[in-house]
Amino acid sequence: MFIVVGVTGGIAAYKTVQLVRLLVTGGHDVHVIPTDDALRFVGLTTWEAISRNPVTTSVHEDVSEVRHVALGRKADLVIVAPATANSLASMTAGLADDLLGTTLLATSAPVVVAPAMHTEMWQHPATVANIATLRERGVHVVGPADGLLTGGDSGPGRMSEPEDVVAFALALFTGDLDGLEVVVSTGGTREPIDPVRYIGNRSSGRQGAEVALAAAARGARVRLVAAHVDGGVLDAASRHPRIAVTRVGTAAELGEAVRAASADANVVVMVAAVADYRVAEVSDRKLSKEDGPLQSLELVQNEDILAGLVGSRRSGQMIVGFAAETATDADELLDRARRKRRRKGVDLLVVNEVGWSAGFETPDNRVVVLGADDEVAAEASGTKRQVADALWDAVLAVRAASN
Ligand SMILES: Cc1cc2nc3c(=O)[nH]c(=O)nc-3n(C[C@H](O)[C@H](O)[C@H](O)COP(=O)(O)O)c2cc1C
């Protein structure tokens, strides 16, 4: 999961170092946003080292990335720990005078706060009212615990232990795909010509990685079979506790891995761009011009993995295909997609138009989802994550209709 941890200026900030560590070792992609005051307690170096991500407090850094909203939009979960009396007041008022404030306003992810302060501050009517307002808005409050406080006194106000905050926050993610076993393929296969060269395609693997991450964020257990992907595309998925990644190279390897992973799966989503053809005879040594000019490469057709999965699916298993098509207009795109869906026999076919500048290597996508009746079941556009979530909504609708 992509988790933002806001740290505000209380002594308990030292406990949040352990909290971040627990999340990182749990496989999450953690982005720490300290307030300026928090950095008086634990320094930026510690947060960067422990989270393994760059850390900034200011809205004026990395402006080109529109960081003041980007982190909030990407987040699956935001935890503010410790949450000072001041930060709770800022949140209640909707203040946006630092990166944490803008992020909290920009996010639609669940927000968990772990208050920490002296008992008098916690019990002050202002704090009590702020907490009530935040709860009303859906903010989750964990703690504070009753115990020893910094001044040597004791009472409610102590930040909950990092393990408890993590357990509380992650327990929120019993999503609508909870208990579902899912297989997703992604990336582009590479068919070798010789030890150096291959026939490949432009798939970056981003859409498939987002399909896997979205499913995991909604509670599914995911097996992600990844052919070649662009650098960094699998980082978050490989750290996710509910995603197991298998790397493959060729179409044959991908087919084998997907079939093995699919045995117990409820849903199989084939996003990978799989080569239709491979080279008939792969040379053991690098082809050289010294051997004379290469006249042609003989190709043979690869197996149709998707059709094979449909043919051997167990009862109740859903198979979803992706089709990247070039077309002159929307009608031609849909015609091609309908023919393909019928040929493959999939339950849902996600169609996206590709071209020299569309579909591949971009953060956004636009798709049409065809149902088993060849009607448009859903249309989605936006980030590849938004498209992934729309796809899972369509999968759930089909499962609900068939139950
Ligand atoms: C040593 C020390 C410890 C503090 N501990 C807390 C605390 O636990 N809870 C709290 O609400 N404020 C605490 N404060 C006060 C906050 O640091 C202060 O309200 C600050 O403005 C909070 O800024 P922030 O919420 O933007 O991080 C402490 C201040 C100092 C100097």
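The values are calculated or read from the model by the stated rules, or taken from the named source; none is laboratory data. None of these values were measured; they are calculated from a predicted model. Here the Cβ is made from the backbone with ideal geometry for all residues, glycine too, and neighbour counts use every protein chain on show. Heads up: the accessible areas ignore ligands, DNA and RNA and are worked out on the full protein's heavy atoms, side chains in. Shrake-Rupley method; radii C 1.70, N 1.55, O 1.52, S 1.80 Å.
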For the range 251-331, list the strands (runs of 3 or more DSSP E) that sit wholly inside it and hold at least 1 residues that are farther than 20 Å from G200 by Cβ; which are they? 267-270, 318-325
Filter result for L104 (within 15 Å of the ligand (Cβ to nearest atom) and assigned to a loop (DSSP other than H, G, I, E, B)): no
Residue pairs qualifying under the 8 Å Cβ cut-off, at least six apart or on distinct chains, with the first in the range 113-124 being near the ligand (Cβ under 8 Å from one of its atoms) and the second being open to solvent by 60 Å² or more (accessible area, probe 1.4 Å), are A116/I11; A116/R158; H118/T150; H118/G151
Starting from residues that are farther than 14 Å from F322 by Cβ and in contact with a strand residue (DSSP E or B) (Cβ under 6 Å, 6 or more places away or on another chain), keep the ones in the range 206-223 and report whichever is most open to solvent (accessible area, probe 1.4 Å). R221
Go through the range 23-40 and give me each residue that's within 8 Å of the ligand (Cβ to nearest atom) and over 10 Å from A13 (Cβ atoms). D36
Matching residues in the range 91-100 - criterion: being open to solvent by less than 30 Å² (accessible area, probe 1.4 Å) and within 9 Å of the ligand (Cβ to nearest atom): L100
Those residues that are modelled with pLDDT of 90 or more and within 13 Å of the ligand (Cβ to nearest atom), I need them from the range 146-157; list them, please. P156, G157
Given the options V350, V310, name the one that is open to solvent by 20 Å² or more (accessible area, probe 1.4 Å), in contact (Cβ under 8 Å) with a residue 12 or more places away in the chain and hydrophobic (A, V, I, L, M, F, W, C). V310
When every residue in the range 125-139 that is of a type in the set (V, I, T) and open to solvent by less than 30 Å² (accessible area, probe 1.4 Å) is compared, the one farthest from the ligand (Cβ to nearest atom) is V139
Options A81, A106; residue that is closer than 23 Å to V166 by Cα and buried (at least 22 other Cβ atoms within 10 Å of the Cβ): A81
